[in-house]
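Beneath this line is the structure, given in structure tokens, with notes to follow.
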Amino acid sequence: MLKKSGTLCRSEMDRLGPQRELLPLYGRIFTKSEIRSWEQIIFMLNRKGPRESSSETREKHRINEQITAHEVRLIGAEGNQLGVISTREALRMAEEDGLDLVEVAAGASPPVCRILDYGKLKYREQKKAAEARKRSTTHTVKELRVRYSTDTHDLETKIRAARRFLQDGDRVRFQMRFRGREVVYKNLGEEIFKQIEEMLKDVGAVEETSPLMGQKMMVTFVPKSAAKQP
């Protein structure tokens, strides 16, 4: 890896020990003008890590001249099966259509390639992956407590918090607890829940309403976008 004019003598290279094995990872030439001693080489090796492996930056599909097979099973731009033809002929056909030749099944024999717009394919794949990540995100249930006697100011504060949670994709559960003989005011509690539903109707929908059980009742909201999904 080192130019003859820029190499260190064998005794200096031997002094590098295990560090000497890292030199090929950098893919560059160390000249005498850059390096004055073996200590500077060690300093440079410790300062910078090895170059990123090509496997980490490799494209998901081989395209055009990256395809190494001599022949491929070709699918046309309209999805029609064109049979097994030479890779060179497939490249020519893709070029005539102003599109790319993309290897979509490298493990097949021969590999399956398709003529398409690779930029659009990458966009669709990235969008699909983003949607999958979004669906896999775990959303929590945020719980807010209200009373049948909650005043307007406190209720508005709770509603603002609920709106924020729903907009972030979380579920919101309002819980109302009655103490002792307060259960006789159950109808007032139901009125509060109706007010909450009305105030949140633009960002959420009722998922579940739990009737009075013991001393408490609850209503759970989901984000409006989630409520529309089948």
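Values quoted throughout were computed directly from the atomic coordinates according to the rules given, and no laboratory measurement underlies them. The shown structure was predicted, so the numbers you read here are calculated from the model rather than taken from an experiment. FYI the Cβ positions are ideal-geometry reconstructions off the backbone, even for glycines, and counts take in every protein chain you see.
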Taking Phe221, Phe174, Phe193 and counting other C-beta atoms within 10 Å, the order from fewest to most: Phe193, Phe174, Phe221
Burial order of peptide ranges 184-191, 75-82 (average beta-carbon count within 10 Å, highest first): 184-191, 75-82
Estimated distance in nm for a label pair at Val104 and Glu143, the labels positioned 7 Å out from Cα along Cα-to-Cβ: 5.0 nm
Residue order, fewest to most beta carbons within 10 Å, for Met93, Met217: Met93, Met217
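Sorting Leu212, Leu166, Leu121 on the 10 Å Cβ count, fewest up front, what's the list?
Leu212, Leu121, Leu166
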Label point at Arg124 placed 7 Å out along Cα→Cβ; residues across region 67-94 whose backbone nitrogen lies under 12 Å: 77-79
Cβ-defined net charge surrounding Thr140, 10 Å radius [Lys, Arg +1; Asp, Glu -1]: -1
Gained length - Asn187 relative to Leu155, 0.36 nm times residue gap less alpha-carbon distance: 9.8 nm
